[in-house]
Amino acid sequence: MIRCFLTARGGDCLLAEQAPPEAGPEPSGLPVVWVDGNTTFQTLEGFGGAFTEAAAATWGKLGATAREDLLRACFSHPEGHGYSLCRVPMGSCDFALGSYSHLERPGDTTLASFSIARDRQSIIPFIKAAQRVAGRPIKLLASPWSPPAWMKSNGRMTQGGVLKAEYRQAWARCYVKFIEAYAAEGIPIWGVSVQNEPAASQCWESCLYSAEEERDFVRDCLGPALAAAGLGGIRIIIWDHNRDLLAERARVVYSDPAAARYVWGAGFHWYGEDCFDQVQQVHDAWPGKRLLFTEGCQEGGPHHGSWELGERYARSMINDLNRWAVGWIDWNLVLDAQGGPNHVGNYCSAPILVDPSGDVLLRQSSYYYIGHFTRFVRPGAHRALSGSEAAGLEVAAFTHDDGSAAVIVMNASEQPRPFALRIDGIQAATARMPPRSIATWLT
């Protein structure tokens, strides 16, 4: 039996299960969406969002019932999204309540004053609550936006600057301290990125690395520091910035065997041009390295009620996963109705916003579009070969070890799109996608 879940613009069809397709011969002349479940590619790590201080503070202000509702919406499975791969900033970012580091004492290269006390106020309680509701491990990627101000050339955490050479080893040991401190809280860290957006000097926390500087830091400092601490299993992710320079940044690091041996893969964001070809190029050149989407959100305010918001998510997820990404991490899990809090006024959207009048969760179109992937494509799934003969339909398909499959089809056009769904050469369903809709077919 095949099942179908649909989200469509207008009305109340939001992740709604549809009536089973009627049996009968396939109408002639229909374009085909096809899946070859016997030809599979990468294994997926999972999907999720980011435990920023802004998200944690927003969650913490909710009443007990709304807090639990949000946790179930994001982490419960199968009634929620079942997030299993998430991100946490290592120190402050723009979506923090202020600028801070875990090593505030200038010159403390012994790390005696290193502390995650700030994280214990809201971020760690949020993560622990999510762990409880998920009922399964949540893989966490830790990403720094900036080293402590005193380690940098400009003496501040904001406005770019670079890591001073004399502090590179101490900064590498800070990753170790962070991982160990979180482990002591019962929160294992799955991986670390070297630096969030290393090519951007921002009015919020930022630090610049050239490709060569990132390569050398991994090879000479971060990789050895993790290995010496018995943390060689922690995945190191380079770049963690936009797709446009992904291949060039990967080339510099992966061309150095001494650096490349420490690197699990490259992370990327969606700001700027799509540049999906860059993701494919990196896989083609270095098929042994992983690719992970590590951040994306709609910038410039909360964008309440925007349908295009959800379509942007699904288009990126379909294209990135079809080009060998092994996971996809959204940005803030939840924000207030303004698209914050944000200590530099860089307000953005999130899949769930909170109504300022009370404990009301406002699920945006992005929440539902994301759910068409996260609710039905489980960690450990394999991408399957798929394609569409129908103009305007985008498709991605996945198989699980139990033999089940999930086929995601999006129609972003203003026209209804009829098609026949064939899985492994066999007719599975005849469908008609409404305008501006997305559906997941399950076998």
Can you work out which of the residues in the stretch 83-101 that are among the aromatic types (F, W, Y) and either free of Cβ contacts under 8 Å to residues at least 12 places away in the same chain or farther than 13 Å from A56 by Cα (or both) is surrounded by the most Cβ atoms within 10 Å (Cβ to Cβ)?
Y83
Of all residues being touching a residue at least 24 places away in the same chain (Cβ under 8 Å) and part of a helix (DSSP H, G or I) in the stretch 278-292, which is farthest from E213 (Cα to Cα)? Just the residue, please.
Q280
Which of the strands (runs of 3 or more DSSP E) contained wholly in the stretch 386-425 include at least 2 residues that are within 23 Å of the chain's Cα centre (by Cα), β-branched (V, I, T) and buried (at least 22 other Cβ atoms within 10 Å of the Cβ)?
405-411
Considering the stretch 1-48, residues that are among the hydroxyl-bearing types (S, T, Y) and outside any loop (DSSP other than H, G, I, E, B), and then whichever is farthest from the chain's Cα centre (by Cα), we arrive at T39
Just the residues that are buried (at least 19 other Cβ atoms within 10 Å of the Cβ), of a type outside the set (V, I, T) and either assigned to a loop (DSSP other than H, G, I, E, B) or not assigned by TED's automatic domain parsing to the domain that holds W59 (or both), please, taken from the stretch 102-144.
H102, L103, F114, S122, P144
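From the list P287, P302, which residue is of a type outside the set (K, R), closer than 30 Å to R261 by Cβ and over 17 Å from the mean Cα position of the chain (by Cα)?
Details: P302 fails: closer than 30 Å to R261 by Cβ.
P287 is the lone residue from the list that is of a type outside the set (K, R), closer than 30 Å to R261 by Cβ and over 17 Å from the mean Cα position of the chain (by Cα).
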Segments classed as strands (runs of 3 or more DSSP E), wholly inside the stretch 293-385, with at least 3 members that are surrounded by fewer than 20 Cβ atoms within 10 Å (Cβ to Cβ):
360-363
Filter result (within 24 Å of the chain's Cα centre (by Cα) and not polar (S, T, N, Q)) within the stretch 104-123:
I116, R118, D119, R120, I123
Being touching a residue at least 60 places away in the same chain (Cβ under 8 Å) and small (G, A, S) is the filter here, so list the residues in the stretch 382-424 that pass it.
A384, S386, G387, S388, A390, A391, A396, A397, A405, A412, A420
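The values are calculated or read from the model by the stated rules, or taken from the named source; none is laboratory data. What you see is a predicted model; the values in this text were computed from it and never measured. No Cβ is skipped: glycine too gets one built from the backbone with ideal geometry, and neighbour counts run over all protein chains shown.
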